[in-house]
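Below you'll find the structure, written out as C-alpha cells, and then a few comments.
No lab work stands behind these numbers, since they all come straight from the coordinates. Here the structure is a predicted model, which is why all the values come from computation and not from measurement. Here Cβ is always computed from backbone atoms with ideal geometry, including for glycine, and neighbour counts include all displayed protein chains.
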Amino acid sequence: MPQVCVTQRIFPEAIELLESENLSHSYHESDQALDPQDLKEAVKGCEGLICLITDKVDGGLMEHAHNLKVIANVAVGYDNIDVNAASERGIIVTNTPDVLTETTADLTFALLLAAARRIPEADTYMRSGQFKEFKLYQPQIGVDVFGKTLGIVGMGRIGTAVARRGALGFGMKVLYTANSPKPEAEKELGATQVTFEKLLKESDFISINTPSTLETHHIFTLKEFKQMKRTAFLINAARGPIVKEDDLAEALESGLIQGAGIDVFEREPLIDPKLAQLKKHVVVAPHIGSASVETRRNMSLMAAQNVISALKGQCPPNALNSEVWKNVS
Ligand code: GLV
C-alpha cells in the first residue's frame, strides 16, 4: 500500500523529495482530476494525500481513508477541503501560503492594468491587421490607473501585496476592509480601513483578496455593483463564488460598472456565457493567479514537505488545524 497519494501532476522535484525520504507513493501523473469514485480508490490505505483545488476532499472521501494522517493542498485556498471533517478524524490539513503571495499580486495587477488599458482588445486589433494609422482617439482608449483609488477587500497577505503595488508603484490611494486593522499597511502604504459600503462607493478599482467562505459567498451582487462608481473596475483573483457572476455580467453590460479583470469563476471551469461575450474593458483568465514556474514548483515542494513532516511525527509547517496535532501527539 503506498504511503502517499498524489492526485494530479505536480512538479517532479516534489516527487523526488518524497522519494528521497523513502516514502512510497501512488502518482496520478495527469493534469485531469480523478473522478470522485477513482479518488476514493486512490486514497484508500494512504497516510498522506497531496491534492489540488479541483479535488473535493470531504468527509465521505475521508471515510475511505482510514490511515489518513495529513491532507496537503497545493494551494493557499482550501475551500475544496472539509477541514472540520478532517479535524474530527484527527487528520491534519495544510496549504501553501506565502510562496504565492507576490506572484498572485502580480497577476492581480496585470488584470487591473490590462482591463484599464484594454490590452487584450488592442492585441486582437493589432493581430487582425486593423491598425492602419495612429489616431489621437484610439479605439482602445483606456483609463488611467496612476493616482486612482484602490479598494482592497481582504487585507491579508495577498491583499497587502496588491496594495503595495498600487500605493508604491502607481501612487494610488488605498482603502481596505479587513477583520482587524492593519497598522503596518497603514504606516507603510497610507492605507485606510473603511466600511465595505465606503469602499464600494469611493474606489476606482476594487480587488477581491478574501477567501471563499459562507460569509464571503456572493458579497458582490447587483446591489453592490449599484453602489460602485459607474467608472469602477472589479478585479477578482481570489475565488469565483465571492461574486454572483451573472450579476457581474449584467452590471458590466448595463454600465453599472466600467470593467473587470476576472481570474476565477463561480462555476469553474465554466464562464457565464454573457460575461464571455463582453470584451470592452473586460479581461478574463483561467485561474492563473499563482501560475509562474517558480511559484508552482515551490507550492509543490511545500506540499510534499508538509506531508513528510507529518509522517515523520512533526507538526507540518503549514498546518491549518494544528490543534488536531496537539490532541494526537
Ligand atoms: C489557488 O487558487 C490557490 O488558492 O492557491
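Things to note:
- Around residue 28: net Lys/Arg minus Asp/Glu count, Cβ-Cβ under 14 Å: -3
- The chain - share of DSSP beta bridges that are antiparallel (%, nearest 5): 5 percent
- Within the range 251-288, backbone nitrogen closer than 12 Å to the virtual label 7 Å beyond the Cα of residue 130 toward Cβ: 279-281
- Translational diffusion of the range 239-304, estimated by Stokes-Einstein from the Kirkwood radius over alpha carbon pairs at 25 °C in a medium of 0.890 mPa s, is 187 µm² per second.
- Kyte-Doolittle mean at least -1.0, axial Cα span of 20 Å or more - DSSP H helices of the chain: 101-117, 293-311
- Which listed pairs, of 187/279; 173/223; 148/274; 182/312, have C-alpha distances above 27 Å, in listed order: 187/279; 148/274; 182/312
- In plain terms, the chain from residue 79 to residue 278 could stretch by 68.8 nm, reckoned as 0.36 nm per residue minus the Cα-Cα distance.
- Kirkwood hydrodynamic radius of the chain, from inverse mean 1/r over distinct Cα pairs, in Å: 21.2 Å
- On full extension, the segment bounded by residue 323 and residue 87 gains 84.1 nm, given 0.36 nm per residue less the C-alpha separation.
- Length available on full extension from residue 254 to residue 58: 0.36 nm per residue minus the Cα-Cα distance, which gives 66.6 nm.
- Three principal axis lengths of the range 117-220 [C-alpha, angstrom, descending]: 53, 31, 23
- Across the chain: Cys residues that no other cysteine approaches within a C-beta distance under 4.7 Å: 51, 315
- Entry note, the chain: the mean residue ellipticity at 222 nm calculated from DSSP H runs of n ≥ 4, each adding -39500 (n - 2.57), is -10500 deg cm²/dmol after division by the residues and rounding to the nearest 500.
- FRET efficiency, 1/(1 + (r/R0)^6) with R0 51 Å, evaluated for residue 119 and residue 314 via beta carbons: 0.65
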